[in-house]
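The values are calculated or read from the model by the stated rules, or taken from the named source; none is laboratory data. None of these values were measured; they are calculated from a predicted model. Here the Cβ is made from the backbone with ideal geometry for all residues, glycine too, and neighbour counts use every protein chain on show. Note: accessible area is taken over every heavy atom of the protein model, side chains too, but ligands, DNA and RNA are not part of it. Shrake-Rupley method; radii C 1.70, N 1.55, O 1.52, S 1.80 Å.
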Amino acid sequence: MLHSQTNTPQWAYRQDHVRAFEATQLKRWTDGALMKQATAAIATIATLRMQQLPQGSKVLVLAGPGHNGKDALLAMNLLARSGWDCQAIEGIDESSLDKLHGGLPERGLVIDGWLGLGQRRPLSKELSAAVDQVNRWRVERSNRYCMSIDIPTGLNPDAGFVWPTAIVADDCVSLLLPLRGLFTGEARNFWHRL
């Protein structure tokens, strides 16, 4: 895992390369150890962010249909076992996204596990509206943060352009290899710490 606060990594990889690497690692770690490591990394960084927030802050996990969604949900379980107040919205269909209205915490952390490494096309109208809602929530008051897994939802993993909007993440957790799209195009406007 890359831990960096710099703008330029030594290496950044194309989406197809990272997906192939992920497939190899998933075959190699058949006992679920890879997912456990990913989950622990997400929970550790989320805990560090939550420790900076006032008492009573909450965690909201936005879980998509892929590996990032699963990782985010498992991390939420670890966070809940550690005493953090956690909730999840699972899915990227319209009925799931409607739960975002009234589901964002007064203060706390949103973990973006909607899309990530698997992003291949522009966001739907409904998902774009939900991304915009999370971004507005993040800046309306203090003590609100967002963390994305692998790459913010809405950023092209190779070219770094937005599809047509993207989560603005305070923290971006690169689990396998850093994606080229984190450092190209408009990407640096959409994450603050990697």
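Cβ-Cβ distances below 6 Å connect the following pairs, each with a first residue in segment 46-70 that is hydrophobic (A, V, I, L, M, F, W, C), a second residue that is surrounded by fewer than 16 Cβ atoms within 10 Å (Cβ to Cβ), and a separation of six or more residues or different chains: Leu53/Asn143; Leu60/Gln87. Restricted to helices (runs of 4 or more DSSP H) entirely inside segment 1-103, those with at least 2 residues that are surrounded by 14 or more Cβ atoms within 10 Å (Cβ to Cβ), modelled with pLDDT of 95 or more and not small (Gly, Ala, Ser) are 33-50, 67-81.
Looking at segment 119-130, can you tell me whether even one residue there is hydroxyl-bearing (Ser, Thr, Tyr), modelled with pLDDT of 95 or more and under 11 Å from the mean Cα position of the chain (by Cα)? No, segment 119-130 has no match at all. Scan segment 119-170 residue by residue and report those that are among the acidic types (Asp, Glu) and under 28 Å from Tyr13 (Cα atoms). Residues satisfying the conditions are Asp132, Asp150, Asp158, Asp170. Selection within segment 178-189: residues that are part of a loop (DSSP other than H, G, I, E, B), open to solvent by 30 Å² or more (accessible area, probe 1.4 Å) and not polar (S, T, N, Q). The member of this set that is nearest to Lys36 (Cα to Cα) is Phe183.
Of the residues screened, Ile151 is not one that is crowded, with 21+ Cβ neighbours inside 10 Å, in a strand (DSSP E or B) and either at pLDDT 95 or above or hydroxyl-bearing (Ser, Thr, Tyr) (or both).
Of the numbered criteria (1) in contact with a Gly (Cβ under 9 Å, 6 or more places away or on another chain); (2) not in a loop (DSSP other than H, G, I, E, B), the one Pro164 fails is (2). In segment 143-166, the residues that are closer than 12 Å to Glu186 by Cα and without any contact (Cβ under 8 Å) to a residue 60 or more places away in the chain reach residues that are of a type in the set (Ser, Thr, Tyr) and open to solvent by less than 10 Å² (accessible area, probe 1.4 Å) with C-beta atoms within less than 8 angstrom, at least six apart or across chains, in these pairs: Ala166/Thr153.
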